[in-house]
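Take a look at the structure set out below.
The values are calculated or read from the model by the stated rules, or taken from the named source; none is laboratory data. All figures in this text were calculated on a predicted structure; none of them were measured in a lab. Heads up, the Cβs are rebuilt from the backbone with ideal geometry, glycines too, and the neighbour counts pull from every protein chain shown. Remember, those area values only see protein heavy atoms, side chains included, never the ligands or the DNA or RNA. Shrake-Rupley method; radii C 1.70, N 1.55, O 1.52, S 1.80 Å.
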Amino acid sequence: MTDTLVTGDPLAHDPEAKRKVVNRLKRAQGQLAAVITAVEDDAHCRDVVQQLSAVSKALDRAGFLVISTALRECLTDPDADDVTSPAELEKLFLSLA
């Protein structure tokens, strides 16, 4: 996740978006802990896969929220010195796809 928080981090300018990203990451952290416990406890593969899917979705949503926040900032103030370039935003978006 650190790679998507580039110079000119839009989350630093949007506390609400930052709160949402942190909440999503904490949710993913809890879900990942459940996956680890399930594997350690020899849970059924169905349960493990369902938890892995939940972790993956939570991480994807956090990443897309970071990018959408950067896009909003780029659109509202495209001439700011610390705005992420459209090419870099595209690269970040595609890295999540």
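This structure gives percent of Cα pairs over 18 Å apart, computed directly, and of [x] 43; [y] 60; [z] 52 that value is listed as [z]. Toward the positive end of the charge dipole of the chain, with +1 on the Cβ of Lys and Arg and -1 on the Cβ of Asp and Glu, the farthest Cα among ALA87, GLN51, LEU25 is that of GLN51. Surface composition of the chain: carbon plus sulfur atoms contribute 56% of the solvent-accessible area (1.4 Å probe, protein chains only, all chains present). Across region 48-97, Cα-Cα distances exceeding 15 Å account for 51% of all pairs.
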